[in-house]
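The values are calculated or read from the model by the stated rules, or taken from the named source; none is laboratory data. Predicted model, so just to flag it, every value in this text is computed and none were measured. Backbone-built Cβ (ideal geometry, glycine too); neighbour counts: all protein chains shown.
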Amino acid sequence: MTKVVCPGSFDPVTNGHLDIIERAARLFDEVVVAVLVNESKQGLFKVAERQDLLGQATGHLPNVSVSSFDGLLVDFCTANGISAIVKGLRAVTDFDYELQMAQMNSSLTQVDTVFIPTTPAYSFLASSLVKEVAKHGGDVSGLVPDFVLAKLKAKFV
């Protein structure tokens with residue numbers, strides 16, 4: 001049984017994130033979506049809110065669960081019997097950074113990293129862009145689930 005993790009800040013979860021999570025759920029027995037707790041960074045949504053939104057977004061996937069972690073991702077993996085990290089790649093610049101992270105993680109533990117290329121329709125999509133556009137009243141309705149859109153609108157009223 002292969003258990004993997006899809007880590008991220010998910011502030012907020014986007015359709016691009018969900019594309020990677022759903023594809024990972026088809027490939028692996030169990031997928032843990034893990035929200036990074038970063039005490040030094042103030043997000044738009046609290047960690048518990050992000051977990052709730054992810055739970056709603058992945059509720060139709062029986063082999064997906066949502067959790068959170070702080071500290072090193074590889075320590076979270078070791079503590080939870082996770083054998084691989086799944087990362088989505090939007091562009092070559094993502095690959096440069098993620099390859100370094102994968103090699104560092106591999107040097108620390110036996111956890112491998114699997115890269116899944118983003119669906120072209122989401123290749124530009126980032127949570128930071130979604131927040132910026134939503135903050136200024138732009139339409140992000142095709143970029144996030146409807147319930148996330150409602151939460152974004154409530155934050156920026």
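Taking only pairs six or more apart or across chains, which ones have beta-carbon atoms under 7 Å, a first residue in region 62-86 that is without any contact (Cβ under 8 Å) to a residue 12 or more places away in the chain, and a second residue that is assigned to a strand (DSSP E or B)?
So the pair list comes out empty.
Conditions tested, residue by residue: (1) touching a helix residue (DSSP H, G or I) at 6+ places or on another chain (Cβ under 9 Å); (2) assigned to a helix (DSSP H, G or I); (3) polar (S, T, N, Q); (4) surrounded by 14 or more Cβ atoms within 10 Å (Cβ to Cβ).
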position	(1), (2), (3), (4)
P12	yes, no, no, yes
E22	yes, yes, no, yes
S67	yes, no, yes, yes
G81	no, no, no, no
V86	yes, no, no, yes
Q100	no, yes, yes, no
S107	no, yes, yes, no
F115	yes, no, no, yes
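Looking only at region 30-59, how many residues end up being over 28 Å from T109 (Cα atoms) and touching a helix residue (DSSP H, G or I) at 6+ places or on another chain (Cβ under 9 Å)?
Result for region 30-59: 8.
Evaluate the following for V114: is it in contact with a Ser or Thr (Cβ under 6 Å, 6 or more places away or on another chain) and touching a residue at least 40 places away in the same chain (Cβ under 8 Å)?
Considered against the rule, which asks whether it is in contact with a Ser or Thr (Cβ under 6 Å, 6 or more places away or on another chain) and touching a residue at least 40 places away in the same chain (Cβ under 8 Å), V114 comes out as no.
Given (1) surrounded by 15 or more Cβ atoms within 10 Å (Cβ to Cβ); (2) under 18 Å from the mean Cα position of the chain (by Cα); (3) not β-branched (V, I, T), where does A134 come up short, assuming only one miss?
(2)
In the set E30, E49, E39, E22, which member is out of contact with any Cys (no Cβ under 8 Å at 6 or more places or on another chain) and at pLDDT below 95?
Result: E39 is the single residue among E30, E49, E39, E22 that is out of contact with any Cys (no Cβ under 8 Å at 6 or more places or on another chain) and at pLDDT below 95.
Residue by residue, here is whether (1) out of contact with any Ser or Thr (no Cβ under 8 Å at 6 or more places or on another chain); (2) without any contact (Cβ under 8 Å) to a residue 60 or more places away in the chain holds:
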{"residue": "H60", "(1), (2)": "yes, yes"}
{"residue": "G88", "(1), (2)": "no, no"}
{"residue": "L125", "(1), (2)": "no, no"}
{"residue": "L129", "(1), (2)": "yes, yes"}
{"residue": "G142", "(1), (2)": "yes, no"}
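Among the residues of region 26-58, what is the count of those that are under 25 Å from A134 (Cβ atoms), among the acidic types (D, E) and free of Cβ contacts under 8 Å to residues at least 40 places away in the same chain?
Residues that pass the stated criteria total 2.
Tell me yes or no: at least one residue of region 37-60 is under 16 Å from the mean Cα position of the chain (by Cα) and part of a strand (DSSP E or B).
no
State all residues of region 117-131 that are surrounded by fewer than 16 Cβ atoms within 10 Å (Cβ to Cβ) and either out of contact with any Leu (no Cβ under 9 Å at 6 or more places or on another chain) or closer than 24 Å to F28 by Cα (or both); if no residue qualifies, say none.
Listed by number, the residues that qualify are P117, T119, P120, A121, S123, F124, A126, S128.
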